[in-house]
Amino acid sequence: MTLNSKSDYSNIVSQAVNKKYRKRMFVNKFVTIGTIICVIAAIIPLASILIEVVRNGISAISFEFLTQPQGSIGSGSGGIAPAIQGTIIVVGLAAAIATPVGVLTGIYLSEFAKEGIFPNTVRFFNDVLTGLPSIVIGIVGYVTIVLTTGSFSVMAGALSLSIIMMPIVVRVTEETLKVVPYSLREAGHSLGLSKAKITLFIVLPAAKDGILTGIVIAISRIAGETAPLIMTILGTSLFFTGITGPVDALPLRIWRLASQPYESAHAFGWGSALILILMILALSMGLRLLIQRKSYKPVT
Amino acid sequence: MGSKHKQYLSTLFTARKKRHDKLFAGLAVGAAVYTLLMVALVGFSVTKGSVDIFSKEGINFLTKSDWNAVEGRESYGALPYIIGTLLSAGIAMAIGVPISLAIAIFISEIAPPKIGTVLSFISELLAAVPSIIYGLWALFVFRFWTRDLIEKPLYDAFHGYLPFFAKTPFGLDIFTAGIVLAIMIIPIISSICREVMRVVPYSQREAAYSLGATRWETVRTAVFPYVKSGIIGASMLGLGRAIGETILVTMVIGNVIGPGAIPTSLFSQGQTLASLVANEFNEASSDLQLSALIALGAILLVITMAVNIVARLLVKKKVKIKSGAISQ
């Protein structure tokens with residue numbers, strides 16, 4: 001083919017450009033559709049989980065289910081009250097240990113020592129702690145408390161859960177305190193307040209919402225932990241007897257129920273799962289209400 | 001008021017102020033020390049618990065594959081579970097990372113902000129669901145989906161020629177465990193990727209668009225180069241979760257022990273380090289077996305620590321690059 005006229009030439013160029021353009025547009029569309037498919041593929045499991053938990057769980061829940069200990073295995077009678085009670089006790093204790101320590105460590109990292117070998121070491125190991133599998137942390141409760149006292153106990157479970165919760169609280173506290181405007185602290189200093197007062201009565205209230213949110217996220221996280229509880233609180237079908245004895249917890253109960261070969265146990269498992277999700281949901285709803293009602297906006 | 005009185009007051013207040021500060025600083029340092037102490041406690045517990053088995057089996061514990069708890073013939077090896085852990089986490093990564101990346105691209109680059117917010121909310125919701133509930137769902141619902149929709153067709157099509165599809169699918173196997181792990185880590189990886197992509201300066205994208213790039217070309221040429229190490233870091237954080245996840249894997253992986261736990265196909269029943277600990281811990285018949293189980297935890301600790309440290313370094317490096325780009 002000879003290129004005689006100018007129009008021939010530009011024709012070929014435009015055809016080539018068009019072809020390339022069409023290909024580029026095709027690739028672009030292909031990728032866009034691909035990402036949408038991925039999003040849908042990721043939403044399907046979530047929808048299915050929520051639907052199944054609600055659908056199967058709701059039929060299991062009754063007054064007896066919420067207030068009675070488990071009946072004989074396979075009978076489908078009784079309830080999961082000890083597990084609800086145990087979860088509240090163990091998680092409550094763990095939070096009671098981890099919250100003050102975590103918040104104080106966060107304060108230390110943000111208000112007292114930002115740079116230096118020691119704070120950086122604390123930060124590093126705090127991150128390491130965040131990434132450790134919960135079952136490894138269960139070993140801590142087992143070796144230090146169960147082995148020395150000779151009994152599976154609430155204490156051991158609370159210790160393990162507190163180690164899982166603490167680094168999350170430290171992280172959130174440090175990050176939240178960091179964004180509190182420095183002028184607030186200066187105002188405190190100019191009034192001649194002690195650093196303790198500035199931190200406790202000016203900086204902390206300004207960062208309250210963020211820290212509370214972090215604590216609630218951390219509590220929801222430990223409320224759903226199963227693995228460390230296997231090695232620490234064991235799980236019984238009885239109510240709480242004391243912090244040196246074993247106790248039950250919802251995630252543990254779900255696991256045991258799911259491994260039994262009875263339909264009635266599976267139904268109980270779904271019921272317990274629904275209760276667990278509702279408890280976590282109630283916690284974050286409660287927090288949201290609290291924050292909305294008394295929100296404190298720092299003036300910058 | 002005499003000046004003496006004034007002086008007295010001021011020293012009183014300074015003294016009180018100093019005392020408060022000292023007390024408070026002491027508490028804060030104490031809390032920081034407590035954090036380190038807990039780390040030491042983890043190290044101490046795991047070492048103390050696993051010392052028995054390592055002194056009996058030595059380094060062979062890592063390469064042996066029997067798991068025999070019968071008294072007098074006790075012999076333990078961790079190899080099958082190390083393989084099972086790496087394989088299931090590998091499947092989770094192979095499925096989870098591309099999907100997470102696609103979701104992150106969709107939310108941060110393609111979707112209108114409103115849809116993006118809704119999707120972010122959903123992924124937060126998904127991240128708050130406890131793994132036991134994923135496990136319950138996987139055991140009673142999802143297992144049949146994988147068996148009938150993925151494993152059976154793959155088996156029918158390939159079982160003659162490809163050895164890794166050669167096992168009658170059952171639904172409770174390494175493959176299912178890998179997929180459910182992927183579902184669990186997708187919200188984690190995609191939310192970090194999204195955050196990393198968000199900090200790429202908008203001028204980069206504008207430059208690409210002004211040269212006539214399509215949306216995908218913009219992402220590929222203007223966004224990716226900035227976020228590469230951030231994406232790798234995010235994936236490795238997800239990998240750390242997948243390796244350490246216990247209860248969910250225990251419920252779907254099939255739980256075999258001994259040499260039979262070395263997978264011969266993707267559809268083999270398997271066992272991971274974490275799932276074996278969860279399964280046998282309360283039924284362990286001897287101290288040596290307990291020690292062997294804790295030693296599995298020790299191996300898990302070392303693997304996840306390494307993965308997490310590398311991941312955090314990568315994410316941090318990313319953040320430095322990004323702040324450099326903004327200041328320029």
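The values are calculated or read from the model by the stated rules, or taken from the named source; none is laboratory data. All figures in this text were calculated on a predicted structure; none of them were measured in a lab. Neighbour counts run over all protein chains shown; Cβ positions are idealised from the backbone, glycine included.
The figures follow:
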quantity	calculated
Residue check for B:Ile133: touching a residue at least 12 places away in the same chain (Cβ under 8 Å) and within 14 Å of chain A (Cβ to nearest Cβ)	no
Residue check, A:Val146 within 11 Å of chain B (Cβ to nearest Cβ), in contact (Cβ under 8 Å) with a residue 12 or more places away in the chain, among the β-branched types (Val, Ile, Thr) and more than 27 Å from B:Val249 (Cα to Cα)	no
In segment A:195-232, the residues that are among the β-branched types (Val, Ile, Thr), within 11 Å of another protein chain (Cβ to nearest Cβ), closer than 17 Å to B:Ala28 by Cβ and touching a residue at least 24 places away in the same chain (Cβ under 8 Å)	A:Thr199
A:Val53 vs. criteria free of Cβ contacts under 8 Å to residues at least 40 places away in the same chain, farther than 25 Å from A:Thr241 by Cα, surrounded by 15 or more Cβ atoms within 10 Å (Cβ to Cβ) and among the hydrophobic types (A, V, I, L, M, F, W, C)	no
Those residues of segment B:49-62 which are over 23 Å from A:Leu147 (Cβ atoms) and either within 24 Å of the chain's Cα centre (by Cα) or buried (at least 18 other Cβ atoms within 10 Å of the Cβ) (or both), in sequence order	B:Leu62
Helices (runs of 4 or more DSSP H) fully within segment A:203-300 counting 3 or more residues that are under 22 Å from B:Glu124 (Cα atoms)	A:208-223, A:263-293
Residues located in segment B:70-96, provided they are small (Gly, Ala, Ser), outside any helix (DSSP H, G or I) and over 17 Å from B:Leu300 (Cα atoms)	B:Gly72, B:Ser75
Single residue of A:Ala196, A:Ala207, A:Ala218 found to be in contact with a Phe, Trp or Tyr (Cβ under 6 Å, 6 or more places away or on another chain), more than 30 Å from A:Ile73 (Cβ to Cβ) and either at pLDDT 90 or above or surrounded by 15 or more Cβ atoms within 10 Å (Cβ to Cβ) (or both)	A:Ala196
Neighbours by Cβ (under 6 Å, 6+ apart or cross-chain): first from segment A:18-33, within 7 Å of chain B (Cβ to nearest Cβ); second surrounded by 10 or more Cβ atoms within 10 Å (Cβ to Cβ) and not in a helix (DSSP H, G or I)	A:Arg24/B:Thr214; A:Asn28/B:Thr214
Within segment B:237-257, considering residues that are farther than 22 Å from B:Pro169 by Cβ and more than 10 Å from chain A (Cβ to nearest Cβ), the one surrounded by the most Cβ atoms within 10 Å (Cβ to Cβ)	B:Gly238
Total residues in segment A:233-242, condition at positive phi and within 12 Å of another protein chain (Cβ to nearest Cβ)	2
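Okay, residues lined up against (1) under 27 Å from the mean Cα position of the chain (by Cα); (2) outside any helix (DSSP H, G or I); (3) within 12 Å of chain A (Cβ to nearest Cβ); (4) under 17 Å from A:Ile40 (Cα atoms):
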residue	(1), (2), (3), (4)
B:Pro98	yes, no, yes, yes
B:Phe140	yes, no, yes, no
B:Pro153	no, no, no, no
B:Gly160	no, yes, no, no
B:Ser191	yes, no, yes, yes
B:Val200	yes, yes, no, no
